[in-house]
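Structure first, then comments.
Every read-out reported here was derived from the displayed coordinates using simple, explicitly stated rules and does not represent laboratory data. The shown structure was predicted, so the numbers you read here are calculated from the model rather than taken from an experiment. Cβ placement follows ideal geometry from the backbone for every residue including glycine, while neighbour counts extend to all protein chains displayed.
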Amino acid sequence: MVRFPRPYSKKRGKRFIGTELRSLLWETAFFSGVFLVGVFVLSLVLISELATWHELHPLKEFTKLHPDRVTPRELHGGGLSSWIFGILGVAAIGSGAAGLVYRLVRVGASSERRSAFAKRASSIEIIVPGDEGVERLPSVPRGISLTDSPGERLTYRLAAESSAGGELVGPLLLALLWNAVWFVLLAVVVLGFWYGSPRYILAGLLIPFAGIGYWSFRFFLSQLRRSAGLGPTIVEISDHPLYPGRRYRLFVSQSGRLRLRRLTVRVVCEEETVYSQGTDVRVERYEVFAQEVCAERDVRVDPQAPWEQQFTVDLPPNVMHSFVGDHNAVRWKVIVSGEARPWPSFCRNYPVVVHPPGLPPKRSPR
């Protein structure tokens with residue numbers, strides 16, 4: 001018996017019926033189709049009304065001179081149907097764009113994890129010392145924004161330097177804008193044949209333009225498939241800011257559907273130098289300290305069973321603390337990198353702040 005692919009996935013406990021990635025692609029294609037259909041319908045209405053206005057404008061001028069030679073029905077340009085189709089087109093454009101944005105923002109994070117995190121965060125009383133009791137250190141970042149998210153396993157959940165969703169903005173805009181222009185041109189061709197003034201050259205250009213639109217949308221879906229298959233990386237730490245000579249716990253979780261040739265977790269201290277060479281501004285970075293806390297090979301990650309490990313990080317007592325100046329900086333970060341197949345390799349950075357030794361530790365939010 002031939003089984004057709006289902007454009008949806010259903011969750012039953014911890015088991016998925018269907019493929020979550022497939023449902024994501026189908027939902028993206030559906031909302032894109034709704035958006036483009038709305039563009040086509042609205043283009044038909046606007047172009048038709050514009051053509052009717054150009055036809056009725058000379059007729060109205062003629063009516064001022066000969067009012068008894070033109071009937072009122074001939075002066076009627078448009079009606080209720082134009083308003084109805086125009087409103088439907090605008091509604092389709094709005095719903096399609098909103099659905100696309102809502103679905104793509106949630107790429108890489110499940111609804112269950114977001115819901116559990118929101119409920120857990122609402123039940124935690126955040127206790128942070130006031131600004132008057134904290135000693136301000138010159139050129140040392142305080143890192144308050146890095147600890148505004150409580151973790152599920154450990155105290156704090158670290159934020160990545162860059163979001164993976166930014167990789168989808170360019171392909172998405174290219175696919176939507178090009179196909180939207182193609183549907184506008186299609187509306188012009190259709191109305192040209194409807195009103196008896198066909199545009200054969202424009203109709204012939206629609207064929208190669210459709211090929212480019214198909215390629216752009218297929219490229220966007222491939223990028224979406226890679227981003228969704230890679231999955232989010234969660235890094236949590238037991239305390240923050242860090243101090244030299246102390247021990248900390250680190251929790252790392254990698255989700256998605258992929259097979260990794262190598263997965264590494266490192267704590268790195270980089271020295272950054274900004275200098276001018278002629279009219280160019282150059283930035284050089286050099287690793288002055290690196291501690292590898294995990295190095296595994298042949299790691300298999302499943303959507304129902306993400307890779308999760310907890311490590312211990314020991315900072316040496318003689319390391320340099322975080323520092324930010326006009327032309328120099330010392331930055332600490334947790335780097336999670338992996339060589340994946342068939343997905344591309346990834347490297348995600350999670351900045352942390354190391355304070356000089358001898359300062360009173362910050363109170364924990366738990």
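Taking a ≥ b ≥ c as the square roots of the eigenvalues of the Cα gyration tensor of region 166-234, is the shape rounded (a/c under 1.5), prolate (a/b larger than b/c) or oblate? Verdict is prolate for region 166-234. Computed over neighbours whose Cβ is under 14 Å from that of residue 32, the net charge equals +1, Lys and Arg +1, Asp and Glu -1. Close amide H contacts of residue 294 (hydrogens built in the peptide plane, cut-off under 5 Å, sequence separation of 5 or more or a different chain): 265. Note on residue 177/residue 312: beta-carbon distance plugged into 1/(1 + (r/R0)^6) with R0 of 51 Å gives a FRET efficiency of 0.55.
Quick query: amide H of residue 149 versus all other amide H atoms, modeled in the peptide plane; which residues come in under 5 Å with a sequence gap of 5 or more or a different chain? Amide H neighbours of residue 149, under 5 Å, 5+ apart: 157. If the chain linking residue 327 and residue 194 were pulled fully straight, counting 0.36 nm for each residue of separation and taking away their Cα-Cα distance, it would gain 41.2 nm. Between residue 139 and residue 289, the FRET efficiency estimated from the beta carbon spacing at R0 = 25 angstrom works out to 0.85.
The packing ranking of peptides 38-44, 206-212, 84-90, 170-176, highest mean first, is 38-44, 170-176, 84-90, 206-212, where packing means the average number of other beta carbon atoms within 10 angstrom of each residue.
For the pair residue 153 and residue 302, a Förster radius of 22 Å applied to the C-beta separation gives a FRET efficiency near 0.70, rounded to the nearest 0.05. Spin-label model, residue 101 to residue 49: label points 7 Å out along the Cα-to-beta-carbon direction sit 2.4 nm apart.
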